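Taking it in order: structure first as C-alpha cells, then the write-up.
The values are calculated or read from the model by the stated rules, or taken from the named source; none is laboratory data. What you are looking at is a predicted structure, and each value in this text was computed from that prediction instead of being measured. When we count neighbours, we look across all protein chains shown, and the Cβ atoms used for this are built from the backbone with ideal geometry, even at glycine.
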Amino acid sequence: MQPSKRPPLRALVPGALLLVVGGSCTQPTMNCTTAHLYYAAQYELTSGDANSPCAQHKGDILGMQTYFATGGINGTAKFSDPSAAIRPQYAGLLVAEALEYPVDVPGFTGEKGVEHWPNAVGDFESGLPDGEDLCHVPQLDSMFTRPELPAIADDPMTADVDETVEATPPTAVAYEWSNARWLNTPDAQGTQFEADLKFTQDGCTAEFHVVAVSPAVHCVTDEDCTTTGNGINPDFAVECDNRINDPLSPDVADDPETPANEAVDYGLCVLARPIPSYE
Amino acid sequence: MRRSAWITILGAVAAQAAVVSTAEAGPSDAVLVGVVRDASTGEGIEGALVIVTGEKIQGERTMTTNVSGLYRIPNLPPGTYDVTVFAQDYGAGNKRAGLQLRAGTTIRVDVQLVRSGTREVIEVNVAAPTIDVGNGATGLSVDREMAQRVPIAIPTGKGAANRSFEAIAEATPGARNDTYGTSIAGTTSPENKYYVDGLSVNDPGFGLNGTGLSMEFLEEVRIEAGGYMPEHGRSTGGVINAVTKSGSNQFHGNVWAYYTPGQLEGRREIARREGDAIVTERNLNWIGDAGFDIGGRIIKDKLWFYGGVSIARTVYDLTSSWNRVSVDPDGNALIDPDTKFTVTERIAGTTQRFKAQGTTVQALGKLTYSPNKRNTLEILAIYAPSLSGGNGTFGMNAQTGQPEVLNLVGDYGALARKYRDNSTDLQFKWNWRDDDGKWNFDTILGWHHQLNQRNAVDGTRVGDTTGLAGTPSVVYRRTNNFYGADGGLLEPGMPGYREVHSLTDLTPLPGGAPGGACDPMMYSFTDPVLMDAQTRSVVCPIRQWTTGGPGLLYDRRLDRLQAREIVTRLARGAGHHVIKFGVDFEYTQYNSNRGYSGNQIYRESTNGTNFADFRMYSFLSGPDDANVIRNLNWNVMSTTIGGFIQDSWSIMDKVTLNAGLRYDAQHLFSGDRTLAMALPNQFSPRIGLIWDPTYSGKAKLFVNYARFYQSVPLNLADRAGTGEPGLQSFHNAVGPGSCSDPLAPGANDPGGACTNDANRLLIGGPADADQRWALASAGKTPIDPRLKPQSSDEIVAGGEYEIIPDTRLGVQYTHRWLHRAIEDMSRDEAATYFIGNPGYGIAKDFPKAKRVYDSAVLFVEKRFAKHWMITGSYTLSWLRGNLAGLFRPETGQLDPNTTSDFDLISLLENRSGYLPGDTRHSFKVFTAGEIVLGNGQFLRLGGALRARSGGPTNYLASHVLYGFDESFILPRGSGERLPWNFSIDPTVGYTKILRKDLRITVSMDVFNVANFQQILAIDERYTFDEVNPIKGGTMADLASATTTGGTPITVNPNFGNPTFYQQPRQFRFGIRLSF
C-alpha cells in the first residue's frame, strides 16, 4: 500500500473539475420588443411637395405593440416569432371621432374591426436583435377610408341651443412604414425607433424619415425632457421639438385681456440624434 | 522501533473505546490541538504519541508531536473523546477522558508528562477547554443536551410543531425570527444556507429551509453567523448546519411526545379593526409531536444504523362572527370616542367555526459502514411529507407556518386550499483518510427534492376544468362614495352615491341569526375625521369578499443535486497547516406549474360597474387577439460550480492565520432552455487572525474579514427570467346581458357574458393598437450586461476568555454591509423593467442598495456540566439601509432579487432609514440545571428569557400602480418605535432512572409565563390614498400633505393601532423515554 501516491492523484480531481467551469460570462440577449408606452415621433420630410397638406406633419404620438405567435412551450407564446403594430394618434383620432360620433355613421358603426383600422402590423425579421442591437420590421401598412360623418340636425326640444353639425366628407389615409427598426438593449427596450414613412391622405402623398422615443413626454423647453422621473432614460440625448403639436395637448394662446403672457408652446421630447441617441 | 514498546497498552485502550465512526466530515468537524510538555522543564516533547479515541470514530486517531511538542488532529466528528499521550522516557501515559468537542470548533488540550519509570496510565478527568482557538467565526452551537433541557423552540411560527432546527437558530446572539425563518446578523432568512450533515437543503426556488428536520434527530446544530471560512459559501446570511445522530455499537433510542393544548392558552389580546362585518378570532387548538428513534449496530465495529420517525400536528381554531353597525334610537351610528371606531354589535347565531390544520411526518434513516480504518461510507435518507387543509378545514402556509387566512371574508371554497408539501433528501458520503492522518478526502453526493402543491379543497388541481379548479375567483370590493365631484355631500339616489356591499348581498345570513338582522336601514353616520353627517343604509358593511374558486393553484417540483469533494491535507512548515481545498457543484431545477382557477381572478371595480381580469395568464398574438393560458408551466434550472482553498496556519503555536479564497459561478436558465442570467467570477476572499494570549487554549482574540456572495434562487429565473405574461380587460357589469356575475352559469365559458368582446369596455386611447386589452406583463426581464452578483462584506472582531472551567465570556463586534444587490427596476413607471445592480451599470441613476449592520455582542456560555448550564447574550445593534434583503418585511413579498424595493422611480424617495429588523437592544438567556434527588431521580429546572427593544415603524401610503403600503410618505423609520418585548419561558421536569440505560423524563415548558401581551406590530398604513413620498419630510409636513390628486389625505382610522400581539401564555407537556 502506497498511500502517499494515491492522495495526490485524487487531489487533482477538484482542480480538473474546476477547469471545466467555463460557462458564459455574458448576459442573455433580450427578445425583440417595442416599448409599452407611447412614442413621441419626429417627422422629417424627405420627399413630396412641402406645401401640400399631407406634408405638414411635423410629428405625432405613436402607439406600438408587440405580438407573439402562438405555439410556444406548454401553450405559451413563441417569443422567437414576434410582430409589431404601429398606430399613429392622427389616424386613431379619425377613427375615434367616428366611434364617438353622436349619431350612427353609415358604413362605420357596426362594422367589425373598425377600431383596428389604423393599426399597421408587420413581422419582425428575427426574434433577437442584430449585431447593432437593432430589431427590424421591413414593412408595416395600414390604410382605411373613414366614411362621411353625417350632418346632425338641430334638436327641436332644446330651443336655446343649436346642435346643428355639418357633414364631414369621407377621408382616406394610408401609412406605409418601411425599414422600421427599434433599439433593443436592457437599457433601451425598444424605446428608440426609426423608420421611413410614406403617408397618403386623400390622394396627397409625402415621405418622411421618422425618429421616435418612448415614452412620449410633453415639453416647453429642453429641460423638461431631462427632468428626473419623466420616464425617458436619463442617458438618452433628447431635446424639445416645439414644432410638433399634439391635438390632445394643444398650445395655449395669450389672453389679450390680461397683462401677463399666458402663451405656452407645447411640444414633444424627441431624440436629438439618430438612433442610438445617447448623451 | 520505539512505538512497539507500547503496543500492548494501545491495544487495550483501543479495544475499550473503539465504537463507531460517523465521519461527519466537512463543515461540522472539530479539531484537537495542543502541546505536550515536560512537567518539570515546561519544554515541548518531540515525538510524543497522541491517541484520540471516542464513540464517534472507529479505532483511534494518532499523531506525533513536532519539535515544539505540538500536535493537531483534525476531522473529528462532534462528540466525546479520550486523549491518551505517551512519550519515550516518560513511562506513564497520560489520559484525558471525557473531552467534549463541538461541531466545527478547534479545541486546545495541553498535556504535561512526568519523567518516570512506571508503566501505568494516569487518568485525568479535566473538562475540555471551551474556547475555539482555530476559528474566528461567530455564532452558536446548540447540542442535544441544550435543546432538550431548554425550551428554545417556541410553539408558533415556521417549524414550530416539530421543533425544527431552524427554529432553534433564533437562540444565536443577534438573530431574530422573521416571516420565513430566522434572520441572522441583520439579513433575511432566505439568505441563510441550510445544511443537514453537509447536504444543502435550501428550497431551490425561494432560498428558505426546505427540510425542517426535528431537533430530535440531531446531535447538534451549529449556527455560523459570520466570519466563516471559504468552505462555506453561496450565502450572505448565516450558515445553519444540522448534524444528525448516528448509531453506535450499543443500542440507544428515545420515545417522545410533546403536547401544547390550546385550552390552557393565556388570554389573547385581539387587534381591533375598523370597518368589517366579519370578525375572525384565531386560537390555538393544539400543537404537538410524537416520535421515536433508535440507533445501534448491524455488524459490530463495521456497520451501524440510526433511524426514527416523528409526526407533528398543528390545529388552530378560526371562529368568525357577523357584526352590525350599532345605531341609536335617533338613527345615528355610534362612534367609540376613544378609538374613533364605529361601534358594532355581534349578531347572535352567526358564529361559524373552522379549523386550520396541518400534519407533518418525518422519517430518517442512516447507515454508516466502516470496512476498515481508512474508509467510512454513509447513506442518509429523509422523507418528510406534509398535508394540510381540505375537508372543511383551512391549510397552513408552509413558508410561514401560520394558517393561510387571517379573516374569513369569503366563501370556504375560495379562501381555503389543500396543501401538500413533501421533502425528500438522499445523501451518500465517503470519507477516506490515509494511515498517518495527513490526507483526508470527503466525497458527498446529495439530492434534495421538494414537492409543493396548492390544490382546491375539493381535490381538483391546477389545470383542471371542473370543480373549484375550474371556477374563477371573484373579488367584490365596492367602496363608499358620499361626495360629488364638487366635494358636496351626496344623498341616496343621487348620481355617484355609492355604498360598500352589504354582507347579505354576497352570502346568505346564517340560519341561526334573527331574520333581517342585516337588512338595510337609513341611518346617519358622522365621519370622525371630516365631521360630515353621511346618510348610509348598509348595517353589515363588507369591504372585500372573495367567492368562487380558490385563485392561484400550483404544483411545484424542486430538485437540488450536489456533488462535493473536499480534500484536507495536514502539512508542516513554519508551524502547522490544515489545508483544505475542494470543489462544489450544484444543479437546481424548479418545475413550476401554476394557474388560476377558472383561468382567472375577476376583481370588481371600486365603483362596482365592471370586473377586471385581475389575474390571468395570457398573451396577445395580434391586435385584441388574446390567448388565455390555463396553466403556465415552466421548468427552469441553475448550475453552480465553485471551489475553494483555505489554510489554517498555526504559527509557532501562538497565532492562527486563516486565509482562503472561494470561487463560485452560477448560471440560471429560463423555461425555454436559454441562459437567463450569468453570475460568474464570484471571488470571495476570507482572512482571519486568531491569537491565544494564554497559549493554553483558554482565551483568544480574533479579527476576520470576509466577502460573501448570494446564490440566486430560481424564482427569479421562473418569474422574471422566463415571464408570467398577463393581460387585463374590463367587463361591463351594468345592464342586461352584462357580466354582472362572473359565477353565473355559462358566464365564464367561451362566448359567455364575461368572456365575450361585446361586454369588454373599450379602454384604448386613439394611439392604442389594442382597444380592449391592456398588457399587465409580457416576457422576460432583460438583464444589465454589466450585472454583478449580490454580495456582502463583513468584518468581525472579538475576544473570548475561559473565566472558570466550562465557562467562557466573550465580546464580538460585527460590521456587515451590502456590497452589490441584484434587483429589478423600471425607469418608465412599470412599463418596462430590467434587472441590474441599483446604483451601478445601466442603473447608475438609481440609488445604491444599502444595508449596514453593526452589532456588539457580550456573551457568556457555560456548557452542561456539574448539573447546570447557561448561555446568555446581550446584543446592541443597528440596521440601516434601503433594502431588507430577499423578501420585503413590510408586505411579506417573497421574490428574491426582484422585490418591489427599487421598482419605480416615483417610489425611491424616503427609502433609506432604519430597516424592519433594526433592534437596538436584545437580551437572551437560556439556562438549565438539575437537582439530584437521589435514588436515580433528578428534578430539572431551566428556562429562556428574552427581552428586545422595539423596531421602527413607518408612514405608508398607496401608490397608483403598486397599491397599498408601497409609498413611504416620510423617511423610513420615521414612525414611533414599537415598545419593548419581554418573554419568560420557564421549564420544569423530572427524570427517573428506571434501570441501567433506561430513563424517563416528564417536563412542562411554559412559554410567556407572565402572559405579556406586548404589541409586536402596528398598522403602518397612514392612508389608503395615493400619496407620493415627501422628500426628507417630518411629522409637521403630514398636515399639509396631499394626495397625488391634490386633495387632502384621509387618514386611515386604524393607523398606529396594534395589529399583532405577543403570543399568549402556552404550556407544553413532554414525556421522553430514553435507553
Looking at (1) closer than 20 Å to B:A381 by Cβ; (2) surrounded by fewer than 19 Cβ atoms within 10 Å (Cβ to Cβ); (3) among the small types (G, A, S), find the lone condition where B:G295 falls short.
(2)
Looking at the stretch B:420-433, can you tell me whether even one residue there is assigned to a loop (DSSP other than H, G, I, E, B), in contact with a Ser or Thr (Cβ under 9 Å, 6 or more places away or on another chain) and among the charged types (D, E, K, R)?
no
Within the stretch A:83-94, is there a residue that is farther than 27 Å from A:C32 by Cα, at the interface with chain B (Cβ under 9 Å from one of its Cβ atoms) and in contact with a strand residue (DSSP E or B) (Cβ under 7 Å, 6 or more places away or on another chain)?
yes
Scan the stretch B:395-417 for residues that are more than 30 Å from B:V196 (Cβ to Cβ) and within 22 Å of the chain's Cα centre (by Cα) and jot them down.
B:V405, B:L406
Test: residue in the stretch A:238-250 that is among the basic types (K, R) and either touching a residue at least 40 places away in the same chain (Cβ under 8 Å) or within 14 Å of chain B (Cβ to nearest Cβ) (or both)
yes
Please give the number of the condition B:N1008 fails out of (1) surrounded by fewer than 17 Cβ atoms within 10 Å (Cβ to Cβ); (2) in contact (Cβ under 8 Å) with a residue 40 or more places away in the chain.
(1)
Take B:I379 and tell me if it is under 33 Å from the mean Cα position of the chain (by Cα) and either buried (at least 22 other Cβ atoms within 10 Å of the Cβ) or closer than 23 Å to B:L426 by Cβ (or both).
yes
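Here is a yes/no grid of residues against (1) of a type outside the set (G, A, S); (2) within 28 Å of the chain's Cα centre (by Cα):
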residue: B:L956; (1), (2): yes, yes
residue: B:R972; (1), (2): yes, yes
residue: B:F982; (1), (2): yes, yes
residue: B:V988; (1), (2): yes, no
residue: B:L994; (1), (2): yes, no
residue: B:Y1022; (1), (2): yes, no
residue: B:G1032; (1), (2): no, no
residue: B:G1045; (1), (2): no, no
B:A706: within 14 Å of chain A (Cβ to nearest Cβ) and surrounded by 23 or more Cβ atoms within 10 Å (Cβ to Cβ), yes or no?
no
Among B:F1012, B:F926, which is the only one that is aromatic (F, W, Y), part of a loop (DSSP other than H, G, I, E, B) and closer than 30 Å to B:A171 by Cβ?
B:F1012
When only residues in the stretch B:440-453 that are surrounded by fewer than 21 Cβ atoms within 10 Å (Cβ to Cβ) and modelled with pLDDT of 95 or more count, which is nearest to the other protein chains (Cβ to nearest Cβ)?
B:L445
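Conditions tested, residue by residue: (1) modelled with pLDDT of 95 or more; (2) within 14 Å of chain A (Cβ to nearest Cβ).
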| position | (1), (2) |
| --- | --- |
| B:P805 | no, no |
| B:R808 | no, no |
| B:V811 | yes, no |
| B:R816 | yes, no |
| B:M825 | no, yes |
| B:T832 | no, yes |
| B:D845 | no, yes |
| B:S855 | yes, no |
| B:E861 | no, no |
Take the conditions in a strand (DSSP E or B), hydroxyl-bearing (S, T, Y), farther than 30 Å from A:T145 by Cβ and modelled with pLDDT of 90 or more and apply them to A:T200. Does it pass?
no
Just name the residue that is nearest to the other protein chains (Cβ to nearest Cβ) out of those in the stretch B:834-843 that are crowded, with 21+ Cβ neighbours inside 10 Å and assigned to a loop (DSSP other than H, G, I, E, B).
B:N837
Scan the stretch B:490-501 residue by residue and report those that are over 50 Å from the mean Cα position of the chain (by Cα) and surrounded by 15 or more Cβ atoms within 10 Å (Cβ to Cβ).
B:L490
So, of the residues in the stretch B:306-325 that are over 22 Å from B:T507 (Cβ atoms) and of a type in the set (S, T, N, Q), which turns out to be surrounded by the fewest Cβ atoms within 10 Å (Cβ to Cβ)?
B:S310
Filter the stretch B:424-439 down to the residues that are surrounded by 24 or more Cβ atoms within 10 Å (Cβ to Cβ) and either touching a Phe, Trp or Tyr at 6+ places or on another chain (Cβ under 8 Å) or within 14 Å of chain A (Cβ to nearest Cβ) (or both) and list them by number.
B:D425, B:N431
Within the stretch B:766-777, how many residues turn out to be more than 7 Å from chain A (Cβ to nearest Cβ) and surrounded by fewer than 23 Cβ atoms within 10 Å (Cβ to Cβ)?
4
I need a count of the residues in the stretch A:65-82 that are at the interface with another protein chain (Cβ under 7 Å from one of its Cβ atoms) and either assigned to a strand (DSSP E or B) or touching a residue at least 24 places away in the same chain (Cβ under 8 Å) (or both).
5
Are any of the residues in the stretch A:160-167 more than 10 Å from chain B (Cβ to nearest Cβ), under 23 Å from A:L37 (Cα atoms) and of a type outside the set (A, V, I, L, M, F, W, C)?
no
Residue check for B:G296: over 24 Å from the mean Cα position of the chain (by Cα), farther than 30 Å from B:N480 by Cβ and in a strand (DSSP E or B):
yes
So which residues in the stretch B:459-516 are hydroxyl-bearing (S, T, Y) and under 30 Å from B:F394 (Cβ atoms)?
B:T460, B:T465, B:T466, B:T471, B:S473, B:Y476, B:T479, B:S502, B:T504, B:T507
For the stretch A:157-167, does any single residue satisfy the condition of being assigned to a strand (DSSP E or B) and on the phi < 0 side of the Ramachandran plot?
yes
Among A:L12, A:L37, A:L17, which is the only one that is assigned to a helix (DSSP H, G or I), within 7 Å of chain B (Cβ to nearest Cβ), modelled with pLDDT under 95 and surrounded by fewer than 21 Cβ atoms within 10 Å (Cβ to Cβ)?
A:L17
What residue, among those in the stretch B:605-637 that are of a type in the set (G, A, S) and at the interface with chain A (Cβ under 8 Å from one of its Cβ atoms), is surrounded by the fewest Cβ atoms within 10 Å (Cβ to Cβ)?
B:S621
Answer yes if at least one residue in the stretch B:901-910 is among the hydrophobic types (A, V, I, L, M, F, W, C), assigned to a strand (DSSP E or B) and closer than 30 Å to B:I984 by Cα, and no otherwise.
no
Which residue, of B:V734, B:V703, is among the β-branched types (V, I, T) and either within 19 Å of B:G207 (Cα to Cα) or in a loop (DSSP other than H, G, I, E, B) (or both)?
B:V734
Selected residue [at pLDDT 80 or above and within 23 Å of B:Y813 (Cβ to Cβ)] from B:T182, B:T84, B:T130:
B:T182
Which one of the conditions (1) in contact with a Leu (Cβ under 6 Å, 6 or more places away or on another chain); (2) surrounded by fewer than 22 Cβ atoms within 10 Å (Cβ to Cβ) does B:K366 fail to meet, given that it meets all the rest?
(2)
